[in-house]
Amino acid sequence: MIVMPSDDRLTVQDRQAIDLAHRLRQRIGRRLARRGIITATVGISPYVDPAGQPSVVICMNAGAAQALLHDLGEPVHG
């Protein structure tokens, strides 16, 4: 769940970063859920980068990262 400060303190870029993080969290969550991976292993945080661009930071465990790499077409290494 994303906790948002009062709207009056958010810039347009803040709102865009929050929306980006929310949409990405939903999409990654659906993809990982199909593979039986708990989405709590993925953290997505919105921020505005130094250039003023909406951005996100993604943190995930190895299982989630391997599943996403597989879904993106990386060959399985064993």
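The values are calculated or read from the model by the stated rules, or taken from the named source; none is laboratory data. Bear in mind that the values here come from a model prediction, so they are computed numbers and not experimental data. Methodologically, a virtual Cβ is constructed for each residue, glycine included, from the backbone with ideal geometry; neighbour enumeration extends over all protein chains shown. Protein only, heavy atoms only, side chains kept; ligands, DNA and RNA dropped before computing areas. Shrake-Rupley method; radii C 1.70, N 1.55, O 1.52, S 1.80 Å.
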Exercise for the section: Mind listing just one residue for me: the one in region 32-60 that is farther than 30 Å from LEU10 by Cα and out of contact with any strand residue (DSSP E or B) (no Cβ under 8 Å at 6 or more places or on another chain) and, of those, least open to solvent (accessible area, probe 1.4 Å)? Expected result: ILE37
Fill in the blank from the handout: Here the residues within region 61-72 that are farther than 17 Å from GLN26 by Cα and open to solvent by less than 60 Å² (accessible area, probe 1.4 Å) are GLY63
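Scan region 7-27 and give yes if some residue there is touching an Asp or Glu at 6+ places or on another chain (Cβ under 7 Å) and either open to solvent by less than 40 Å² (accessible area, probe 1.4 Å) or modelled with pLDDT of 90 or more (or both), otherwise no.
Keep residues of region 7-27 that are touching an Asp or Glu at 6+ places or on another chain (Cβ under 7 Å), which gives none.
The answer is no, given that none of the residues of region 7-27 is touching an Asp or Glu at 6+ places or on another chain (Cβ under 7 Å) and either open to solvent by less than 40 Å² (accessible area, probe 1.4 Å) or modelled with pLDDT of 90 or more (or both).
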